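To start, the structure under review is shown below, and the notes come after it.
The values are calculated or read from the model by the stated rules, or taken from the named source; none is laboratory data. Note that the structure is predicted; figures quoted are calculated from it, not measured. With ideal geometry, Cβ positions are generated from the backbone for all residues, glycine too; neighbour counts draw on all protein chains shown.
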Amino acid sequence: MSIRDPWDDARAAGWRVADCAQFGAARRYEADVAIVGTGAGGGVSAEILARAGLEVILVEEGPLATSRRFTMEEARAYPELYQESAARKTRDKAINILQGRCVGGSTTVNWTSSFRTPPATLEFWRRSFGAGELTDEALAPWFAAVERRLSIRPWDLAPNANNAAFARGASALGIPVAVISRNVEGCWNLGYCGMGCPTNAKRSMLVTTLPAALARGARLLTRLRAQRLAIRGGWVRSLECRAMDAGGIQAGGAAVTIVARHYVLAAGALGSPALLLRSRAPDPNGVLGRRTFLHPTVIAAAKMPERVAGWAGAPQTVYSDHFLEENPIDGALGFKLEVPPLHPVLVSTTLQGMGGAHAALMGDLPHTHVLLALMRDGFHPQDAGGTVGLREDGSPQLDYPLHAPFWEAARRAFLAMARIQFAAGALRVLPVHEHCGGYANWEEARSGIGSLALEPLLTRVVSAHVMGGCGLSGDAGQGVVRPDGRHHQLANCSVFDGSVFPTSVGANPQLSIYALAARNASALAESLSGRAAPALA
Amino acid sequence: MASRRQFLQIGIAGAIALAAAGVFLLPDGGRMSARLDRGRRALLAAVSGALLGPALPGEGREAALEALGDRIERAIGALSAPAQRELAELLAALDFAPARFALTGIGVPWARAEEVEVARFLERWRASRYPMLRSAYQALHDLVIGSWYAGRETWATIGYPGPPEIP
């Protein structure tokens, strides 16, 4: 069976794509709209703006890699497709962050889980952030349009053994689980979504909206870092960029200037606030870069009697929101339960210990099941999340202190995960924590977890969902952008990505980003073109 | 076995050495060169031996460590510039004899260090009360162990069949 790669015919179709690392001299471009970033927000915005007849130019720091290059090897995928080689960390190194850096952004490497923004989250944004226009009814058509465009629907094959163990354990305890919706069409159920889909079944931006925008004349500049917006008198006058060097580490290449009528930031929840910080954008209320959220996640491994082979099959197909719904949204932190794919590098770097103990855990890989608890951060009154700042070289650095309400939730999560894993038949349960050698039964786990010292860099904490930093609010004193994504102080600048969320989403964020970007980019298209915006394909 | 008091002293002295070494020991502003010198390679081989323990093959151990060293170099080269600088500082400190002794208690060059001694300092860092030492341990853990299991030749030892064939 031959696999179609929409990029095979790019040259023949006359798509305007340039690898800026090969530029020998400075260049200057003009467009109606410049979009920084090609992930969930940038991709959807590009299609809508290009369909509206506007001239669009896209800037992407990462490389163009397509299905022909997706060999399903971690050694290749992490350095090529992820921010900082998949080793991006918070300032104190306590949280490891997985984020894409390639054409398609995180949508190229995510695990395809798709959830509409939970109504309770939207209600909190309306109540606390002056986002009265973001009602369930107002957003429903945008969710529906994106779900249709990206083939988002509940996974209809059997879950893989890793997801099945979770479902079995939870059900035995009366904890409800449900099936995850995924953005796939004709999925081969291989399990390698995190390394780039080799069959183009995943409806990422790489194979949907970006080709659609390019087919309508949009221009894509890859391996180009947006350095700063030149701002005068409340207007962005140009976007100053530098090409990356051949290795993609330093931006030491050609200077590229882009002049546009409007500038859309979609560089992700660290990239967009960092670009505004480097540009010294107006921030009269000191909110830029603040309230950055991660769904900080704790992990529990288990040794199962049966073969799990957690590297095979769609990685995330079952979830439970039971522990999100136990407490009020702004009370003790709730958490969502899901499972991850289990490939050798991801598992070996995550599991605790060294030497013989670590080697023994790795020897059990085929029988290993892993659960994740993703904390819903940003709602508790003491939980202001993290703050994006700049390193000396201008790169973003996230300071995210883990506070007492998080650790209280982490302990509850370890207990909940251990109970579920034993109920699923686990022989041994292992919260990922440097002091923990594993537990043989629930009684041992209950007392052991009860006395674990929960501290940074002892408990392994990870994140694949970076949100906030350019928070939306109807109140200019509280937000960086308005609920329609327009910057409160800059007349011709919008932010259309996960950085606009004023709290975490409380669910895997891609569909929330797609839908809000579709809504806000459509309004922008109307205002720039003077005509009603066309729908997504 | 060192007493708790000695551990504390090593911890504090080590933290100071770690900070100071970065300032004094880095050539050309701390940029990692593409290749690690022999001292850094010996240090990483010693640390790899202890971190991987029985995961390393008994036969052909030296060759496996040599190949791992090459993979670690490539992994470092793919890190962000700030991460490369921080790692360069850590390796510089550990390769500077006085700092090595203060930080790890190891009094001989890395090439001659016993695996149990190396394992002992890594275990101490892993559970240290100083977050900086714990983060240094985790940096070495992830770099070495991730580079090891990135290698196809290790997959059979953990029952991983590798990616499926796409016809």
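Tabulated data
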| item | result |
| --- | --- |
| Of all residues in the range A:320-336 being among the hydrophobic types (A, V, I, L, M, F, W, C) and surrounded by fewer than 24 Cβ atoms within 10 Å (Cβ to Cβ), the one that is nearest to the other protein chains (Cβ to nearest Cβ) | A:332 |
| Output for the range A:85-114, where each listed residue is part of a helix (DSSP H, G or I) and buried (at least 23 other Cβ atoms within 10 Å of the Cβ) | A:86, A:106, A:107, A:108, A:109 |
| Residues (in a loop (DSSP other than H, G, I, E, B) and surrounded by fewer than 21 Cβ atoms within 10 Å (Cβ to Cβ)) located in the range A:156-176 | A:156, A:157, A:158, A:173, A:174, A:175, A:176 |
| Sole exception among (1) assigned by TED's automatic domain parsing to the domain that holds residue A:425; (2) over 26 Å from residue A:76 (Cβ atoms) for residue A:359, by number | (2) |
| The range A:381-418, subset closer than 20 Å to residue A:440 by Cα and among the charged types (D, E, K, R), residue surrounded by the fewest Cβ atoms within 10 Å (Cβ to Cβ) | A:411 |
| Residue satisfying condition, being more than 14 Å from chain B (Cβ to nearest Cβ) and of a type in the set (Gly, Ala, Ser), within set A:67, A:113 | A:113 |
| Residue within the range A:530-537 that is at pLDDT 95 or above and assigned to a helix (DSSP H, G or I) present | no |
| Top-ranked residue in the range B:126-158 [being in a loop (DSSP other than H, G, I, E, B) and either of a type in the set (A, V, I, L, M, F, W, C) or surrounded by 15 or more Cβ atoms within 10 Å (Cβ to Cβ) (or both); ranked as nearest to the other protein chains (Cβ to nearest Cβ)] | B:150 |
| Options A:76, A:68; residue that is in a helix (DSSP H, G or I) and modelled with pLDDT under 95 | A:68 |
| Test: residue in the range B:112-121 that is of a type outside the set (Asp, Glu), more than 14 Å from chain A (Cβ to nearest Cβ), out of contact with any Pro (no Cβ under 9 Å at 6 or more places or on another chain) and in contact (Cβ under 8 Å) with a residue 12 or more places away in the chain | yes |
| Residues that are under 11 Å from residue A:279 (Cβ atoms) and among the hydrophobic types (A, V, I, L, M, F, W, C), drawn from the range A:221-248 | A:226, A:229, A:230, A:231, A:236, A:239 |
| Among the candidates A:489, A:421, residue that is out of contact with any Ser or Thr (no Cβ under 8 Å at 6 or more places or on another chain), more than 14 Å from chain B (Cβ to nearest Cβ), surrounded by fewer than 20 Cβ atoms within 10 Å (Cβ to Cβ) and not small (Gly, Ala, Ser) | A:489 |
| Any hit, the range A:217-234, residues being under 22 Å from residue A:518 (Cα atoms), in the same structural domain as residue A:105 (by TED's automatic domain parsing) and surrounded by fewer than 18 Cβ atoms within 10 Å (Cβ to Cβ) | yes |
| Test: residue in the range A:374-393 that is of a type in the set (Val, Ile, Thr), farther than 30 Å from residue B:46 by Cα and assigned to a strand (DSSP E or B) | yes |
| Subset of the range A:433-461 [under 14 Å from residue A:412 (Cβ atoms), touching a strand residue (DSSP E or B) at 6+ places or on another chain (Cβ under 7 Å) and in a loop (DSSP other than H, G, I, E, B)] | A:452 |
| Unique match (being surrounded by 18 or more Cβ atoms within 10 Å (Cβ to Cβ) and in contact with an Asp or Glu (Cβ under 9 Å, 6 or more places away or on another chain)) among A:277, A:190, A:214, A:206 | A:277 |
| Number of the condition not met by residue A:517 [criteria: (1) part of a loop (DSSP other than H, G, I, E, B); (2) in the same structural domain as residue A:47 (by TED's automatic domain parsing); (3) hydrophobic (A, V, I, L, M, F, W, C)] | (1) |
